[in-house]
Structures are given as structure tokens and as C-alpha cells.
């Protein structure tokens, strides 16, 4: 139960205590609990034409694909498919690559939805270490199709951003196997700098990139994303048979929004600063209180290091604080918390450690 983000978020919403702290869901809120969203995108919504009432092109259309290519500086020979967020992009890829035997290789500490997507698409799950990036390469000899997910930068749940050198080594191992497919989950792409080199891997070997603007623009409900392929591929039929097409309103608003790229970038930088201020404050408390946590670089979450997270989650819930068990840690959604709440969480975890003598 404590690993289910939707369930834990629902429990937090049902808790009517004045002291309730919801540290479950990855949305950026300001200090007054208002959603932080792009005013540029909001303005662009008012500029859309009545054609948004019609079906959108299944692949998103040329204007959308051009906007995506320009935003991410994608090479001109790559394929782009509009998807409902990065989740949709990952789903299309799993369906596209599916064979008679399938494996999905993901980080040991990772987004729980990877497990559900693997289950629904009949993929066996394997893990690699988040830090050494090592796993049993014999997997490639056991399965006809092996998909490897790399969540960088600012990974969910521990905030890892891999360097080019680390990715060079890791992807070179994967590229040795013809049945291997690499996909970069770039959900938090905008929350680190100098990440454009990631798209260069598609020029070295066939790979994919899942992108979304949920986090970048704070427009989670629009489910605006894309699957980018380094090859010329016809992926639209899979999308057509899965969700038909994504929202025409989201597509046209995004295209309009990209006409104000400079203002968009200013908003993103402001959001990064807000997030960095919070995470720095929380980590300073963890260091002061000697609370163990996973090495953090940037992102929406900080994950506390506990071999058995459930007692910690339960202890916090007694004080109306809701967090997530992510296998070997307790995930705290710093993105949605103000400093007062972060201080309370740190104090309660410190109290738990003192009581249990961990």
C-alpha cells in the first residue's frame, strides 16, 4: 500500500487534519500550496483557434513535431510521435518492441509505474544499481527483446543526473546486443543544465527518448509529451490503436507557447531556483540531524535511506505526514512542500531514529 502513490495521495487528501502534510505526489507547488504552472502556456491557451474541437493528427502534426524538435534540438532525421506524457511514450515503445520473450531493465530505485507498465505488457523485470549501473548482462541472452530505461537527469525518486562519461560506458555495454533497446526517460529534463548531449546517443546507435512537459510547464493534466526515435519509424498506428490522438488543445497551445521560448526559459529557471532552495534546505537538515539519504543532485524528490521503509512511513502517518515507500527508502516530494513542512518532516524522522535507535 505504501508504494502506491495514487493511494497514498488519496489518503492524504482524505485526512482533514489542519496539520496534514502531503509529500506523496510530484507536482511543484508554491509556499501557499498553489500549483506552479507556466503563465506563458496559460496565455497561449487563449490564442488557440476553434479547430481544437477537431481530432488532432495522431502523430501530433508537423507544427507540433517541429516545435518539439526545436525545443530539444533533435536531429532532423529523428521520428517524433505525440503522446500523453512520458508514460504514453514508454507504453508505445514497450508495445512496439514486444516479442515472444521480453524483459524491462530499470534502476533498482525507480518510478513505480515502470513495474505496472511491465506487468501490463508482459515484460519480466530486472534491475540495475542506480550508482554503479551494473546488472547481469546474461539477460540479453535469455530474451528476444530487452528494453533498458535510463531516467536522467534529476531521476525519480533519488535525484540522480548521470554524467556523459557514465552514460558512455553504460550505453556502450547495451549497444553490444542487437536485441537491446535503450530509452531515456527525460521527464525531468528541464531541471538540470547541459543535457542536450543525450540526444547525440541516437546518432551512435538506435535509441528512444520519452519527453513530457508536465513538469517543465506545470501542465500535468494536459498529458503533453512525445516519443522521439533516432530512426525513421511508423509508430502512429500503435498510438492510434491505444489512445487515438492526444488533445488538440494541448498541441496547439504548446506550438503557440514555443513562439515565446525566451519567456518559457525564464519561467523554468525560476522554478529550478525554487526547487533548489527547498532541496538544499532539506538536505542541510538531514545532514545536521544525521538522517541517511541517497546521494542527491537535483530533482523533485529526496529519498531517505532506510532498509525497511514501512515503519518510517507509518510513524510519519501517525502525525498526518504522508510519504512513499520506494523499496529501500522513503520518498519525500520536496517539490510540493514549504520550509515549515520540510522542517517538521526532518524533526519527525529524527524522532523516529532516536526512538528506534537505528
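We did not get these values from a lab; they are worked out from the coordinates using the rules stated. Remember, predicted model here, so these are calculated numbers, not experimental data. Note that we place each Cβ from the backbone using ideal geometry, even for glycine, and neighbour counts take in every protein chain shown.
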- Message: Between 0 and 90 degrees, rounded to the nearest ten: what's the tilt of helix 248-257 against the longest Cα principal axis of the chain?
- Response: 80 degrees
- For the range 279-347, using Cα atoms only, the Rg and Dmax in Å read 11.0, 30
- Query: Distance from the Cα centre of the range 291-358 to that of the range 1-61, in angstrom?
  - Reply: 23 Å
- Message: With 10 angstrom as the radius, rank 273, 13, 28 by how many other C-beta atoms surround their C-beta, starting from the fewest.
- Response: 273, 13, 28
- Any chance you could run the full-extension gain for residue 350 through residue 308? It's 0.36 nm times the residue separation minus the Cα-Cα distance, nm to one decimal. 13.5 nm
- Message: Which of rounded, prolate or oblate describes the range 155-309 when judged by the alpha-carbon gyration tensor and an a/c cut-off of 1.5?
- Response: oblate
- Using only the Cα atoms, work out Rg/Rh for the range 1-148, with Rh taken as the Kirkwood radius, to two decimals. 1.04
- Message: Nearest 10 degrees is fine. How inclined is helix 339-356 to the longest principal axis of the chain, computing both from alpha carbons?
- Response: 60 degrees
- Of the DSSP beta bridges with both residues in the range 40-261, give the percent that are antiparallel, rounding to the nearest 5. 35 percent
- Here the FRET efficiency for residue 205 versus residue 242, based on Cβ atoms and R0 = 25 Å and rounded to 0.05, is 0.40
- Query: Remind me, relative contact order of the chain in percent, using alpha carbon pairs under 8 angstrom and six or more residues apart?
  - Reply: 28 percent
- Note on the structure: The extension gain from residue 113 to residue 73, computed as 0.36 nm times the residue separation minus the Cα-Cα distance, is 11.6 nm
- Rounded to the nearest 0.05, what FRET efficiency do residue 327 and residue 169 have when you use their Cβ-Cβ distance and R0 = 35 Å? 0.90
- Note on the chain: the mean projected area of its alpha-carbon convex hull, in nm², is 18.0 nm²
- Task: Take residue 99, project a point 7 Å from its Cα along the Cβ direction, then tell me which residues of the range 118-147 have their backbone nitrogen under 16 Å from it.
- Result: 122-125, 137-147
- Task: Can you grab the distance from the C-alpha centre of the range 172-236 to the C-alpha centre of the range 264-280, Å, no decimals?
- Result: 22 Å
- Note on the structure: Measuring from the longest principal axis of the C-alpha atoms of the chain, the long axis of helix 5-14 (C-alpha) lies at a number of degrees, nearest 10, equal to 50 degrees
